[in-house]
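Okay, structure first, notes after.
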Amino acid sequence: MPKRKLITSALPYVNNAPHLGNIIGCVLSADVFARFCRSRGYETLYVCGTDGYGTATETKAKKEGTTPEAICQRFHQIHESVYRYFNIQFDAFGKTFAPQHTQTVQHMYHALKAADAFVEKEKDAPFCNDCDKFLADRFVEGVCPHCGYEHARGDQCESCGKLLNPEDLKQPSCAICTTPPEMKSTKHLYLDLEKLSPKLEKWLESTMGKHGWTLNARTTTQSWLNQGLQPRPITRDLKWGVAVPEAGYEHKVFYVWFDAPLGYISITQSACPDSWQKWWLEPENTELHQFLGKDNIPFHSVMFPSCLMNAQQDWVLPHRLNVTEYLNYENTKFSKSKNVGVFGTDVAELGFPVDFWRFYLLSVRPEKQDANFLWEDFFDKVNNELVDNIGNLVNRVMTFHGTRFSGPLKNVASALTEAQQEFVAHCVDATEKIAVLFEAGELKDALKQTMLLGKAGNKFFHDQQPWQVVKSAPEQACVTTTLILHLLRDLGVLLAPYIPESAQKILAMVGAPAACWSDIGNFSNLAGVSIGSAEILFEKLDVALVERLKAKFSGQSSGMELLDIRVGEILSVQDHPQAAHLYVQQIDVGQARPISVASALKKHFSADELVGKKVLVLVNLAPADLRGVTSEGMVLVAEKRKKLELFEGAAWQVGMACAREGYPSPQTPPAQISFETFSQQPFQVQEGKLMYGVDPVHVDGTPVTTHALQSAKVK
Ligand SMILES: [Zn+2]
Ligand SMILES: [Zn+2]
């Protein structure tokens, strides 16, 4: 009986949206492995959820004037919807800020306490009387004793890079309220890793190498052991966290490194209240496979197992740690604040098939070193590997077989030529090797070998020339395509963990309903099956988009920063007293009073046509005197060969700002700009849309459109 597979992905911290690097780092990688395990026939449980506790959430809540819980709920939903979009198939997805989690952590605490695993230590820590709390090291600021930098933080000086303790700083102050903190004694509980280390080391020796932990997991863990393990605090002076069930600890919570890994257990308990024990308390029947990023190694290899193995019950310990390196974005770091890189929330908007993202991220999965997301590479791999190789093979063979032969597939096993036998042997051998790679968690290599198998299928089709052979020996041509249809089924199963939607389509086309590993490597078991009709699997991506996407996610500014363009409602229209071709309009743009705008719309629109319309108005154009009337703005219009059209939207609200798609609306445009500045802006109407450069202009999240003029200048 093979062991059950319990699979975890490191719990994402919920005070930000996940970027592509976070997604491939754990959640998506674990999903691929879990999907493989299910199709392989293993009893599988894939557990993940969000990690809510810690200083960063507490600080962010304070800044936004809300509660940490509200922040966590909001980001929990964002994470959940991003993962749903990515087709991540969790068996349990929960959160650490939940009553079950508190119960589990406190239970574990009592068990470890009974095992005498803790020591209490008292030390001085900076306390802010004004904020009425102890300050985390990085919330103390002061003068660096090494370089004199004035805003050094209590954990590290940003200027000279030296590591610091808060008490090293000269003229220390609270980073939140600037009051000088005082040192005050505080006690904390420590997990006595020094005492627990012999047992831990013995276990690590017997598991790391034997179960194929990734190299980074082994070396990082080994270097921790080499330095000698020290007691590590499990409590903190904070409010947002799991309460410590101990007298004298009423104002403290558990340190997040202690509670977060226990989330794997509490989330399983919440999802499977009646069966969680078989997943966590039967080490003889369950293997725990953990997926995480390299910054998380010691928490999973040292701290978490130290807790489990001393907690009075026979807990399932990690079987293998699958640790990824970092994915960077176009040779730099992802940054939400700088708008650099693609975040999970951007992906749905871009509208590419989700399998393209999954395929690309897995083919560059950062396994042995940091990797890069590159747009050019993304388009290249999707178009030239996925579409040209797999899409092409499916389409050619399905179409050819479907038009030339009818009826259910025949059993062709006994009628093979030497070349056909060789092809079958090659495929069987390759699928066996791919299975070994999957079992070892070598997800990138397994994908690479699967793609090579697709290439072998294309080559076989090409070499056998069934379109020629069919003229003289139709049975032989039919044998060739029947064999390749079996290979398509195998590819469907092999690719299902990576690109589940497309793989399901392949399987349906060849009449194999589900991805089942035990079917593959067999070239006669589709006999009697009627295949479906050929369906185009993928459309190629338009490479013309590459530059545009690069610019969009590069953190560059939108270019519209200077412009204050808003929705204004035309309240009244009068003839200009001095100029026969001008109107003077009063327009409500959401300011204290309406603005006056003189414009040459008279030839094109009657006053009645204009009143009540909501239009786009450039509000920060420097006021100009137009024959005795001060004009305080400009109504934007599309113009082509003396025809004019207004940009209008009945559902728009007065005062709404315009924004370039993919960029925030301008936050602080200057009070005035010249007409010349405006006329240099790259506005135009293309295919009925108002564009700024290559991107559509939005109001309230939807593009501004025209009806009459499909292409035009903007004035
Ligand atoms: Zn303070
Ligand atoms: Zn310094």
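Exposure proxy ranking for Lys5, Lys505, based on other Cβ atoms within 10 angstrom of each Cβ and starting from the fewest, stands as Lys505, Lys5.
Ordering Met309, Met509 by the number of other Cβ atoms within 10 Å of each residue's own Cβ, fewest first, gives Met309, Met509.
Protection proxy ranking, highest mean first, for peptides 165-178, 565-578, 484-497: 484-497, 565-578, 165-178, where packing is the per-residue count of other beta-carbon atoms within 10 Å, averaged.
For the range 84-203, averaging the sequence separation of C-alpha pairs within contact (under 8 Å, six or more residues apart) and dividing by the residue count gives a relative contact order of 26 percent. Each peptide among 70-78, 27-35 gets the average number of other Cβ atoms lying within 10 Å of its residues, and from highest to lowest they stand as 27-35, 70-78.
Per the Kirkwood formula applied to alpha carbons, the range 36-114 shows a radius of gyration over Rh ratio, Rg over Rh, of 1.09. Please state the shape class of the range 212-277: rounded when a/c is under 1.5, otherwise prolate if a/b exceeds b/c and oblate if not, all from the C-alpha gyration tensor. Oblate, since a/c reaches 1.5 and b/c is not below a/b. Amide H to amide H, with H built 1.01 Å from N, Leu327 comes under 5 Å of Ala371, counting only residues 5 or more places away or on other chains. Using Cβ point charges alone (K and R +1, D and E -1), the dipole size of the range 407-480 about the Cα centre works out to roughly 300 debye.
Label point 7 Å out from Leu317 along Cα-to-Cβ: which residues of the range 1-23 have amide N under 20 Å? Correct set: 3-8.
For the range 557-714, a crude dipole built from +1 on the beta carbon of Lys and Arg and -1 on the beta carbon of Asp and Glu, taken about the Cα centre, is about 420 debye to the nearest 20.
Its Cα centre serving as origin, the chain has a Cβ charge dipole (Lys and Arg +1, Asp and Glu -1) of approximately 920 debye. Backbone amide hydrogens, once placed in the peptide plane, bring Cys516 within less than 5 Å of nothing, excluding anything fewer than 5 places away on its chain.
Across the range 88-152, the volume of the C-alpha convex hull divided among the residues equals 246 Å³ per residue.
Across the range 601-616, rounded Karplus estimates of 3J(HN,Hα) from the backbone phi angles (6.51 cos²θ - 1.76 cosθ + 1.60, θ = phi - 60°) give 9, 4, 5, 10, 9, 7, 4, 4, 5, 8, 4, x, 6, 9, 10, 8 Hz, Gly and Pro being marked x. Using the Cβ of Val543 as centre and a radius below 14 Å, the other residues enclosed give a net charge of -3, where K and R count +1 and D and E count -1.
Put in order of Cβ neighbour count within 10 Å, fewest first, the listed residues Asp116, Asp445, Asp695 become Asp116, Asp445, Asp695.
Working note: Debye formula, equal point scatterers on the alpha-carbon atoms of the range 340-436, no solvent; log10 I(q)/I(0) at q = 0.10 Å⁻¹ is -0.49.
Annotation: aspartates and glutamates with alpha-carbon distance below 19 angstrom to Lys614 (same-chain offsets under eight excluded): Asp564, Glu569, Asp588, Glu632, Glu639, Glu645, Glu648, Asp700. Its Kirkwood hydrodynamic radius, worked out from the mean inverse distance over all distinct Cα pairs, puts the chain at 30.2 Å.
Taking Rh as the Kirkwood radius, which is the inverse of the mean 1/r over Cα pairs, what is the Rg/Rh value for the range 373-519?
Working: Rg = 15.5 Å, Rh = 15.9 Å.
In the range 373-519, Rg relative to Rh is 0.97.
With contacts taken as Cα pairs under 8 Å at a separation of at least 6 residues, the chain carries a relative contact order of 11 percent.
For the range 373-519, relative contact order (Cα pairs under 8 Å, six or more residues apart, normalised by length) works out to 24 percent. Its Kirkwood hydrodynamic radius, worked out from the mean inverse distance over all distinct Cα pairs, puts the range 383-454 at 14.4 Å.
Counting helices only, and only those DSSP H runs with n ≥ 4, report the 222 nm mean residue ellipticity of the chain as the sum of -39,500 (n - 2.57) divided by its residues, in deg cm²/dmol to the nearest 500.
About -10500 deg cm²/dmol.
Taking every DSSP bridge with both residues inside the chain, close to 75 percent are antiparallel. Spin-label pair Ala243-Val436: with each label point 7 Å from Cα along the Cα-Cβ axis, the two points sit 5.6 nm from one another. A Förster radius of 51 Å, combined with the Cβ-Cβ distance separating Ala650 from Gln277, puts the computed FRET efficiency at roughly 0.25. Here, the range 551-684 is characterised by an Rg to Rh ratio of 0.97, where Rg is the alpha-carbon radius of gyration and Rh the Kirkwood radius. Full extension of the chain between Glu250 and Lys410 yields a length gain of 50.2 nm, computed as 0.36 nm times the residue separation minus the alpha carbon distance. Stretching Asp380 away from Ala592 to a fully extended chain increases their span by 71.0 nm, per 0.36 nm per residue minus the current alpha-carbon distance.
Suppose R0 equals 30 Å; then what is the FRET efficiency for Cys160 and Gln77 from their Cβ-Cβ distance, rounded to the nearest 0.05? Before the final figure, lay out each step's value.
On the way: r = 42 Å, r/R0 = 1.39.
Once rounded, the FRET efficiency stands at 0.10.
Here the Karplus relation 6.51 cos²θ - 1.76 cosθ + 1.60, evaluated at θ = phi - 60°, turns the backbone of the range 57-64 into coupling constants of 5, 4, 5, 4, 4, 4, 4, 8 Hz, with x for every Gly and Pro.
Every number here is computed from the coordinates shown, using simple stated rules; none is lab data. Since we're looking at a predicted model, the values are computed, not measured. In this analysis, Cβ positions are derived from the backbone assuming ideal geometry, glycine residues included, and neighbour counts consider all displayed protein chains.
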